[in-house]
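S.K.: What follows is a structure written as structure tokens; I'll ask about it next.
The values are calculated or read from the model by the stated rules, or taken from the named source; none is laboratory data. Just so it is clear, the structure is predicted and the values come from calculations on it, not from any experiment. Please note: Cβ atoms are built from the backbone with ideal geometry, for glycine as well, and neighbour counts cover all protein chains shown.
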Amino acid sequence: MKDVQILRVFFLGVMAIIGILSLQTYWVVNTWNINEEEFNQQVHRALYGVAQSIATMNDISLPARNLIKQRSANYYIVNTETEIDPVALQFYLQKELERQQLRIDFEYAVFDCSNRQMVYGNYCAYGHDCKTSSVVQQNLPFDHEFTYYFGVRFPTRSNFLFGKMQIALIMTGILFITVLFFSYSMWVIFRQKRFSEMQKDFINNMTHEFKTPLSTIQIAADVFLKHEEVQKDQRLVQYAGIIKEQNSRLNQQVERVLDIARFEKDNFDLHEEWLDLPDLMQTVCASARIRVQERGGTLTVNLDEDLEPIWADRFHLTNLLHSLLDNATKYSKEVPQIELSLQSLGAATMQLKIQDQGIGIAKEYQAKIFEKFYRVPTGNVHNVKGFGLGLYYVQRICVAHGWKIRLQSDAGEGTCMAIQIPRTHPKNTPVYESAPAVR
């Protein structure tokens with residue numbers, strides 16, 4: 001994965017997480033506010049019912065205003081303007097809170113106007129008996145405004161509200177786990193990317209180191225073949241030819257790896273010029289035809305007349321043709337039947353086609369055929385050697401030139417590679433697709 005792609009995934013992921021966290025935070029805060037408002041309304045209704053019961057018991061009227069006063073988030077005082085019986089107060093509190101479905105612990109106290117202090121009553125836990133406590137820190141504050149009133153505090157108010165937000169809290173927990181998983185995934189990606197870059201640097205350095213001994217072997221093989229004593233011995237000539245051929249093959253693989261490394265680093269330069277493609281094709285086919293004929297096959301070339309020169313890189317176009325013809329030869333059946341054609345597709349484009357009658361490519365594998373290191377699965381049979389770089393290299397060369405490449409194939413019925421090439425200089429032609437169309 002390229003740096004731009006990783007950064008794009010990272011920033012899009014961060015933006016998505018920020019958006020989700022913002023929505024989740026808004027939902028949790030809004031849910032808390034709604035539950036808090038509902039709790040306050042239920043408490044006010046319950047305390048109003050208690051005050052009304054006390055007023056009815058004492059046969060008085062409730063004050064017209066300032067009946068219930070909220071001193072803090074969990075502490076309320078109720079003005080009754082009449083004496084309060086603590087036993088009755090406890091009964092009414094339990095009754096009204098149950099009616100409002102407030103299943104929550106509470107403690108209460110009654111204001112004693114004789115000594116101007118709050119007389120602590122009981123702590124009543126929901127589902128348990130109320131217990132009297134004389135702990136000083138549980139004394140409730142009093143209010144100077146009223147004469148007869150009682151105070152009620154809900155010590156577990158926060159826990160009660162959180163208990164009503166279980167779904168929101170569970171979803172928040174899942175979201176944080178997701179964020180942690182994303183962070184871990186990005187750490188793994190960046191770590192693997194660093195290892196991948198180290199591996200690429202190692203391969204590139206090693207490949208560069210191969211160039212010197214390969215050149216030395218090439219020179220030594222040429223000198224060896226030209227030596228008079230060697231030329232007298234047919235077996236030595238054969239062995240020297242094998243050395244030169246295999247050295248040339250290895251050198252081509254090294255060059256291909258280096259070119260792919262340049263593609264990935266975006267420092268690949270084409271040295272384009274006007275080329276006579278038919279002449280170049282005939283030159284490439286001269287060497288490819290020998291390998292085909294050794295297997296008893298045929299390589300035919302069909303060219304339209306009056307084909308104009310094309311604007312391309314000679315070296316890479318030659319490698320492209322060699323790679324496609326090499327694939328057509330390797331993946332043919334026992335007797336290769338290969339057709340190479342160049343035809344006009346109108347005033348602006350010509351089409352290069354390499355058609356074989358080989359083993360073909362199944363439909364489910366065609367979408368990945370241009371990926372680096374990808375080889376069509378053949379089970380445990382590996383009759384054809386390779387690294388999975390040939391078609392990737394071909395595809396990148398086509399992209400670099402602005403050409404379009406298409407694949408047509410069916411399993412057991414051969415393969416056709418078609419490349420559309422503009423007939424004039426790219427500056428005088430429309431912009432072509434940057435990626436090949438595969439079908």
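S.K.: Please pick out the residue among LEU169, LEU180, LEU214 that is within 30 Å of GLN41 (Cβ to Cβ) and part of a helix (DSSP H, G or I).
M.R.: Working: LEU180 fails: within 30 Å of GLN41 (Cβ to Cβ); LEU214 fails: within 30 Å of GLN41 (Cβ to Cβ).
Step by step, each of LEU169, LEU180, LEU214 is checked, and only LEU169 is within 30 Å of GLN41 (Cβ to Cβ) and part of a helix (DSSP H, G or I).
S.K.: Would you tally the residues in the stretch 27-45 being at pLDDT below 90 and acidic (Asp, Glu)?
M.R.: The number of residues fulfilling the criteria is 0.
S.K.: To continue, here is another question. Give the residue that is modelled with the highest pLDDT, with candidates limited to residues of the stretch 388-439 that are closer than 16 Å to ALA312 by Cα and in contact with a Gly (Cβ under 7 Å, 6 or more places away or on another chain).
M.R.: By that ranking, first place goes to PRO426.
S.K.: Residues to consider are GLN366, GLN282; find the one that is under 39 Å from the mean Cα position of the chain (by Cα) and at pLDDT 85 or above. Break it down stepwise before answering.
M.R.: On the way: GLN282 fails: under 39 Å from the mean Cα position of the chain (by Cα).
Within the list GLN366, GLN282, the selection yields GLN366.
S.K.: Show me the strands (runs of 3 or more DSSP E) entirely contained within the stretch 61-148 in which 2 or more residues are over 20 Å from ARG45 (Cα atoms) and at pLDDT 75 or above.
M.R.: Per the criteria, 106-112, 117-124.
S.K.: Taking the condition crowded, with 16+ Cβ neighbours inside 10 Å, under 58 Å from the mean Cα position of the chain (by Cα) and touching a residue at least 24 places away in the same chain (Cβ under 8 Å), does LEU21 pass? Steps first, please.
M.R.: Numbers: crowded, with 16+ Cβ neighbours inside 10 Å: no; under 58 Å from the mean Cα position of the chain (by Cα): yes; touching a residue at least 24 places away in the same chain (Cβ under 8 Å): yes.
Answer is no for this residue.
S.K.: Here's something else I'd like to know. Mind counting the residues in the stretch 146-163 that are within 13 Å of ASN33 (Cα to Cα), surrounded by 14 or more Cβ atoms within 10 Å (Cβ to Cβ) and either hydroxyl-bearing (Ser, Thr, Tyr) or under 36 Å from the mean Cα position of the chain (by Cα) (or both)?
M.R.: The total comes to 1.
S.K.: Follow-up question, since we're still on this one. Which ones in the stretch 282-307 are surrounded by 12 or more Cβ atoms within 10 Å (Cβ to Cβ) and closer than 20 Å to GLN420 by Cβ?
M.R.: Passing the criteria: VAL284, VAL301, LEU303, ASP304, LEU307.
S.K.: Conditions first: (1) under 19 Å from THR283 (Cβ atoms); (2) out of contact with any strand residue (DSSP E or B) (no Cβ under 7 Å at 6 or more places or on another chain). GLU334 passes all but one, so which condition is the exception?
M.R.: (1)
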